[in-house]
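To start, the structure itself, in C-alpha cells.
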Amino acid sequence: MRSRSHYGFSITQNALALLYLFCIFTNPPASTALNFTALLSTVPDLSQFTALLASATPITADLSDRSSLSILAVPNAYLAADDHLARHHLSPAALADVLRYHVLLQFLSWSDLRALPPAGKLVTTLLQTTGRATDNFGSVNLTRDPQSGLVSIRSPAPYSPSNVTVLSLVKTLPYNVTIFAVNSLLIPYGLDLMASETRPNIVLNITKALIDGHNFNVAASMLAASGVVQEFEADEGGAGITLFVPVDDAFADLPPSVALQSLPADKKGVVLKFHVLHSYYPLGSLESVVNPFQPTLATEAMGAGSFTLNISRVNGSVAINTGIVQASVTQTVFDQNPVAIFGVSKVLLPREIFGRNPMVTAKPLEGAPPPDEDTLSPENSPGFGGQPSHLSSPPGFREDVRSHGGGIGLSFAVVFCCIGLYLVV
C-alpha cells in the first residue's frame with residue numbers, strides 16, 4: 001500500500017516503517033555506562049565473586065565511568081577453595097583493594113594474551129589509582145609459557161608469592177570489557193590488608209610516579225629540570241589533566257636533527273606542555289573521543305588553534321598524531337581522577353617548532369591518518385615572538401558532556417529529515 005502526498009510523491013508503508021526504525025536507532029541513548037555487576041551476574045559460575053564485587057560499594061562507584069577494562073574473576077569452585085579471605089580476615093576496605101587488583105585498566109582480548117612477548121606485559125590495575133600501592137605494585141605482570149600456552153598473572157615484585165593462571169575467556173564486549181576466569185584470588189604484594197580506606201591519598205608527585213614506572217627516566221628528568229611539572233601539578237584541580245609521557249626508547253630514537261635538549265628553555269617548556277591535555281581522560285574516554293583535535297597546555301600558552309593533538313582509535317589502540325609524528329599509547333602509568341598519565345611510543349614533536357627539521361620516518365599504525373604534509377617553521381610559529389592568547393573556555397570536554405552531547409548534531413539532523421519526509425507524505 002502506498003501513501004500519496006499533495007505534491008505527487010508516493011512512499012510505501014514498508015519504507016515508512018524503515019524510516020521510523022532509522023530515526024530510532026540513529027538516536028542512541030545518552031548514557032553508555034556499563035553495570036559490571038549485572039554483566040557478571042549473567043554467569044552463574046561467577047556468582048560468589050559477583051557477590052563480593054557487589055558488596056564492595058566503593059568499587060561500583062570507581063567503575064561507573066570507566067570502560068576499556070579486563071576483569072579477572074574467580075569461579076565458585078576455586079573461590080571456595082581459596083583460603084585468602086579466611087586467613088587474612090580482610091576488612092571491607094582491604095577486600096575492596098584486593099578486588100580492585102582484579103580490574104585491569106586495559107582491554108585485552110584472548111588473542112592479546114596469546115601474543116604476549118617473552119618478557120611479559122605490565123598492566124595497571126584499579127588498585128594503582130588509589131595511591132595505596134607502593135612503587136608499581138598496583139600493576140600486574142602477564143606472561144605466557146610458550147610451551148604450554150598458559151597465561152600467568154602476578155605482581156611485578158620479585159618473589160611475590162601470589163600468582164594466578166588464566167583458565168578461560170568468559171565474556172567480551174569488544175574494546176569495552178573482557179572477563180577472564182582465573183584460578184585464585186590475586187593478592188597485591190606489600191599491601192597492608194588491614195589499612196583503612198579512609199586514609200587520605202597522597203598528593204600526586206608526577207615525577208615520582210614516572211620514576212616508579214621504570215621506563216620514563218628521561219621524561220622525569222626533563223620535567224624536573226624544566227620546572228613545568230609544578231605547573232602541571234597545580235592544574236590537577238578543576239577539569240584535571242592528561243599526560244602523554246614518552247618511554248625512554250622514544251628519546252633514543254630521535255634523529256640528530258631534533259636537538260631537543262638544545263632548545264631554549266621557553267621552547268622546551270612548550271614542547272613539554274604539548275604532551276598535556278587540560279582535561280582528565282581515562283583510557284576509555286580517549287578511545288571514544290568525539291573531537292579528535294584536542295588543545296594542549298601549549299595551546300593555552302601559544303594561542304588558540306595551535307599546538308593541538310589529533311587523537312583517534314586505530315586497530316584497537318589510541319593513536320596520537322602531531323602532524324609530523326605519529327605515536328601510540330603503550331600503557332597506563334597512573335589513572336585516578338583528576339589525573340591520567342599514559343606512556344606513549346614517540347616523543348610528541350609539535351610541527352610549529354620542528355616542522356622544517358628532517359624526521360626519521362616512523363612506521364605508522366596501519367589504517368591511521370598520515371601526518372600532515374604542511375609544516376611551520378619556528379620563526380613563523382603562532383604565539384612565538386607575540387603576545388600569547390588564551391582559550392575563552394577550558395579545552396577538552398568532560399565525561400558527562402561527551403556522554404550526553406556526543407550525538408546532538410546528528411540527532412537534530414535526523415529529526416528534521418524525519419519531519420520533512422512526514423510533511424511530504
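Rounded to the nearest 20, the Cβ-based charge dipole of region 99-165 about its Cα centre (Lys and Arg +1, Asp and Glu -1) stands at 80 debye.
Please tell me which of these pairs span more than 31 angstrom C-alpha to C-alpha: K208/K346; K171/K346; K208/K267; K208/K268? Display every interim value, and only then the final one.
Values: K208/K346 21 Å; K171/K346 33 Å; K208/K267 24 Å; K208/K268 21 Å.
Cα-Cα > 31 Å for K171/K346; rest within.
Counting only C-alpha contacts under 8 Å and six or more residues apart, can you give the relative contact order of region 206-353 as a whole percent? Present the calculation step by step, with values, prior to reporting the outcome.
Values: 269 pairs, mean separation 38.1, N = 148.
Normalised by residue count, the contact order of region 206-353 is 26 percent.
Modelled spin-label separation between A225 and S317, with each label point placed 7 Å from Cα along the Cα-to-Cβ direction: 2.8 nm. Legend: residues S155, S288, sorted from most to least accessible area (1.4 Å probe; ligands, DNA and RNA excluded), read S288, S155.
For region 36-193, the relative contact order works out to 24 percent when only alpha carbon pairs closer than 8 Å and six or more residues apart are counted.
Any chance you could run the full-extension gain for T165 through T60? It's 0.36 nm times the residue separation minus the Cα-Cα distance, nm to one decimal.
Numbers: separation 105, 0.36 × 105 = 37.80 nm, distance 2.52 nm.
In short, 35.3 nm is gained.
Working from label points 7 Å from Cα in the Cα-to-Cβ sense, the D135 to W110 distance is 3.5 nm. Near the amide H of V170, within less than 5 Å, lie the amide hydrogens of I179, F180, A181, all on another chain or at least 5 residues away, with H placed in the peptide plane.
For region 206-353, the residue among F307, V276, V245 whose Cα projects farthest onto the positive side of the dipole built from Cβ charges is F307. About its Cα centre, the dipole of region 36-193 is roughly 240 debye, where the only charges are +1 on Lys and Arg Cβ and -1 on Asp and Glu Cβ.
Once the Cβ-Cβ distance between D253 and L150 is put in as r, and R0 is 35 Å, what FRET efficiency do you end up with, to the nearest 0.05? Intermediate values should be presented prior to the final figure.
On the way: r = 34 Å, r/R0 = 0.97.
Approximately 0.55, to the nearest 0.05.
Taking the average, over residues, of other Cβ atoms within 10 Å as the packing measure, peptides 268-276, 114-122, 223-231 rank 268-276, 223-231, 114-122 from highest down.
The values are calculated or read from the model by the stated rules, or taken from the named source; none is laboratory data. Source: prediction; values computed, not measured. Positions of Cβ are backbone-derived with ideal geometry, glycine not excepted, and every protein chain shown enters the neighbour counts. Heads up: the accessible areas ignore ligands, DNA and RNA and are worked out on the full protein's heavy atoms, side chains in. Shrake-Rupley method; radii C 1.70, N 1.55, O 1.52, S 1.80 Å.
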